[in-house]
Amino acid sequence: MRAVEQVLLHWGLLFQGKRVVIHTVNRSVFHGLANGTIKGQSMPVLRRCLLLAAEYDIDIQTTWIPTKENALADALSRFDYDSIANLAPQPLFPTCSPRDFGFLTYSNRDSPQSRPIISGAA
């Protein structure tokens, strides 16, 4: 719920008059935003979220994503490298390097061809 609050605090003005779709794996957050109520300590945070949404005229729509459909994000958040390797081997075996995109790496940043040429220097 705090993440939703931070989104509304930081980008609420940009979302003014628009519909914001929040995808969440947290059932409590989903039901709280959908129903406007939640039990426990999250109620003041939910209240602030709803007040911010009303202040900026934001229509909040929530979508709940089951963990099974969000397996990669779940594995990434738990640092489960075996599952990550099975679900998305691309991050572990990159097919290109930053140099392919024109970025300098530490190994060549101090090479003569990477230094700017300054004319007229004494």
Residue that is nearest to residue 9 (Cα to Cα), among those in the range 52-79 that are of a type outside the set (Val, Ile, Thr) and assigned to a strand (DSSP E or B):
59
Only one of these is within 20 Å of residue 34 (Cβ to Cβ), at pLDDT 80 or above and not aliphatic (A, V, I, L, M): 62, 67. Name it.
62
Tell me whether the range 26-34 contains one or more residues that are polar (S, T, N, Q), in a helix (DSSP H, G or I) and modelled with pLDDT of 90 or more.
yes
By residue number, the members of the range 1-58 that are in contact (Cβ under 8 Å) with a residue 12 or more places away in the chain and aromatic (Phe, Trp, Tyr) are 15, 30, 56
Select, from 6, 16, the only residue that is farther than 29 Å from residue 87 by Cα and at pLDDT below 95.
6
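The values are calculated or read from the model by the stated rules, or taken from the named source; none is laboratory data. What you are looking at is a predicted structure, and each value in this text was computed from that prediction instead of being measured. Every residue, glycine among them, receives a Cβ derived from its backbone with ideal geometry; neighbour counts consider all protein chains shown.
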